[in-house]
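Everything below concerns the one structure shown next.
The values are calculated or read from the model by the stated rules, or taken from the named source; none is laboratory data. Computed from a predicted model, the values in this text were never measured in an experiment. Heads up, the Cβs are rebuilt from the backbone with ideal geometry, glycines too, and the neighbour counts pull from every protein chain shown.
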Amino acid sequence: MSFNIKDIRADFPILSQKINGKPLVYFDNGATSQKPQVVIDAISKYYQEINANIHRGVHTLSQLATDAYEASRNKIKNHINAKFAHEVIFTSGTTHGINLVANGFASLLKPGDEVLVSALEHHSNIVPWQMLCERTGATLKVIPMNENGELILSEFDKLLSEKTKIVTVNHISNALGTINPIKYMIDKAHQVGAAILIDGAQAVSHLKPNVQELDCDFYAFSGHKMFAPTGTGILYGKEAWLNKLPPYQGGGEMIKEVTFEKTTYADLPHKFEAGTPNIADGIVLGTAVDYINSIGIENIQEQEKELLEYGTQRLLEIEGLRIFGTAAAKTSVISFNIEGIHPYDIGTIIDKLGIAVRTGHHCAQPIMNFYNIPGTIRASFAFYNTKEEIDVMVEAVKKAKLMLS
Ligand SMILES: *Cc1c(COP(=O)(O)O)cnc(C)c1O
């Protein structure tokens, strides 16, 4: 399949918007991706043609909606290569998935047990584990990072012991773009009998995780960062682990039988899907997966690699500019600052020029503390971005620098 950037950009109607009178340059894909027309259309098609509650009615519409929802689950199962469709739990996003697992571990941990998180985590992969440790008396340990924004694996090895019950790490850092050596970490965690959760929120738009090959116990991600609507997400869990963990929420849909004396829970995946889910957007997450596969993940990676190389080289032309996150394995995220200028001031000026970047701590304050900075400017590219857009950003940053220094 050939990669025609003009056709691809035409798939995303928002990209032809003008912002503050200038053509939009959207470099905030790390926060959320834009949506292709097929995804936008699929949402209205659902409401126009098959809207009904799922898994409940015998009527035809309910059947159609249920079939579409389960077909989406199956597409996602194939996309991530899970062994069973019932290992794919619909959630509202990564945060929900991580909390589901952390909450479940409350029944498994005791004082003296250890939970390992990495120094590179998003707050949503730190705070639920801190809450878990507070509840259970377990201890939170942190896998340290180096100046390049890479985890120090020799330290990780030393932290692992039979006290370690669960390790949690992101596949790709949202703040720096580092791709973590998760296969190594998964195998090492298993050697001491620990479970491991991978936060794939930032990874799923850049690569296709193969959960069976990785052999991770849990893999959580959000739909909205992979061209699907907000309010959708997936928690993959190995069948044995999902059977072991208690339900997260009680309610309709997750039960087998309810009496006032005792309730028995439904089988997987329904045990973890209490209440009416986000049916339309869950179905459309499958549409987004189809869209990604129609472009081809190799094509996406090739385009993003070029953008990362070109963007890095062009930004480094600017005197006083420092890039944070220079890991050998990195995706198309560039976090940077200019000496003596607050990132927020640059972000504000370049927004006036139509450029959307993120400024701040990127929900990863510990990383900012590590570098002793208040935040960074983060340009995160998707496959629909271009080198011309990078040129526009570089000129805008130069202009902002002149105005502010
Ligand atoms: C965005 C992100 C999250 C949180 O995802 P939500 O969609 O807000 O739940 C967690 N981890 C990483 C690495 C992220 O990029």
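Couple of notes before you dig in:
- The strands (runs of 3 or more DSSP E) found wholly in segment 57-162 and carrying at least 3 residues that are at pLDDT 95 or above and within 16 Å of the ligand (Cβ to nearest atom) occupy 88-91.
- Residue among E304, E298 that is closer than 21 Å to H79 by Cβ, charged (D, E, K, R) and surrounded by 13 or more Cβ atoms within 10 Å (Cβ to Cβ): E304
- Filter result for H224 (farther than 22 Å from G149 by Cβ and either within 15 Å of the ligand (Cβ to nearest atom) or in contact (Cβ under 8 Å) with a residue 60 or more places away in the chain (or both)): yes
- Residue that is away from the ligand (no atom under 15 Å from the Cβ) and touching a Cys at 6+ places or on another chain (Cβ under 8 Å), where the choices are I186, I166: I186
- Single residue of segment 214-227 satisfying the filter (in a loop (DSSP other than H, G, I, E, B) and under 12 Å from the mean Cα position of the chain (by Cα)) that is surrounded by the most Cβ atoms within 10 Å (Cβ to Cβ): G223
- Any hit, segment 391-400, residues being among the charged types (D, E, K, R) and within 24 Å of the chain's Cα centre (by Cα): no
- Residue match in segment 375-397 (condition: in contact with a Leu (Cβ under 7 Å, 6 or more places away or on another chain) and of a type in the set (G, A, S)): yes
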